[in-house]
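S.K.: The structure under discussion is supplied below as structure tokens; questions concerning it will follow.
The values are calculated or read from the model by the stated rules, or taken from the named source; none is laboratory data. Here the structure is a predicted model, which is why all the values come from computation and not from measurement. Heads up, the Cβs are rebuilt from the backbone with ideal geometry, glycines too, and the neighbour counts pull from every protein chain shown. Keep in mind that these areas ignore ligands, DNA and RNA; they rest on the heavy atoms of the full protein, side chains included. Shrake-Rupley method; radii C 1.70, N 1.55, O 1.52, S 1.80 Å.
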Amino acid sequence: MAKWINFHVTGGHDGSTAVPAEDGDNLLLSDTVTSIAVSSPSPGAVTAVLSLSTGGGPTTCTVLVGLNASATNPGGAGAKPSAGYIDKLKQAINKAITANPGGVKSTVSLPLDQDDQDKYNFTKTVYFKSFKVA
């Protein structure tokens, strides 16, 4: 397992305002992740909350996922994620945590937001929009 998990944010946005400081790589110590909960709290947005065991430090890491690369409200698109996308996102995070044994960094690769994984559809690209540790 890699020491750090990377969440690459594109068009950083916290759901109400643009947060360009979150753009780019955001690292989380993989040993601190104890559980992952993924949900779709509003149409067009998906949230992953990673519970952390940090010995008195921050206890959660929350990442927003959206369908739009530009800095707009991730939930503003009005489209619901495809069937099973919540499970696909959780699997992608788990895969990054267990990938690259002995390595330093592993990046979470987001799956496309589509039911049919046989063909690539660029319009179904998904982006991390926010990364908050609290």
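S.K.: Quickly work out the Val49-to-Ala37 label distance, labels modelled 7 Å from Cα along the C-beta direction, and quote it in nm with one decimal.
M.R.: 0.4 nm
S.K.: If Lys and Arg each add +1 and Asp and Glu each add -1, what is the summed charge of the other residues whose beta carbon sits under 14 Å from the beta carbon of Met1? Numbers along the way, then the final one.
M.R.: On the way: positive: Lys3, Lys95, Lys105; negative: Asp31.
Residues near Met1 contribute +2 overall.
S.K.: For Lys95, list the lysines whose Cα falls under 23 Å from its own Cα; do not include residues on the same chain fewer than 8 positions away.
M.R.: By straight Cα distance, Lys95 reaches Lys3, Lys105, Lys119, Lys124, Lys129, Lys132.
S.K.: Then there is this: Of Pro111, Ser35, Ala134, which is farthest towards the positive pole of the chain's charge dipole, taken about the Cα centre with +1 and -1 on the beta-carbons of Lys, Arg and Asp, Glu respectively?
M.R.: Ser35
S.K.: If you don't mind, another one. Report the relative contact order of the chain, percent, no decimals, based on alpha-carbon pairs under 8 angstrom and at least 6 residues apart. Display every interim value, and only then the final one.
M.R.: Working: 312 pairs, mean separation 45.8, N = 134.
Reported as a whole number, the value is 34 percent.
S.K.: Once both axes come from the Cα atoms, what is the angle between helix 85-98 and the longest principal axis of the chain, in degrees from 0 to 90, rounded to 10?
M.R.: Approximately 30 degrees, to the nearest ten.
S.K.: While we're here: For Ser70, what charge total do you get from the other residues with a beta carbon under 13 Å from its beta carbon, if Lys and Arg give +1 and Asp and Glu give -1? All intermediate terms of the calculation are to be shown ahead of the outcome.
M.R.: Details: positive: Lys129; negative: Asp23.
For residues surrounding Ser70, the net value is 0.
S.K.: Tell me, what % of the accessible area of the chain is carbon and sulfur with a 1.4 angstrom probe?
M.R.: Working: 3800 of 6790 Å².
The value for the chain is 56 percent carbon and sulfur by accessible area.
S.K.: Determine the per residue accessible area of the chain with all protein chains present and a 1.4 angstrom probe, expressed in square angstrom. Intermediate values should be presented prior to the final figure.
M.R.: Details: 6790 Å² over 134 residues.
Result: 51 Å² of accessible area for each residue.
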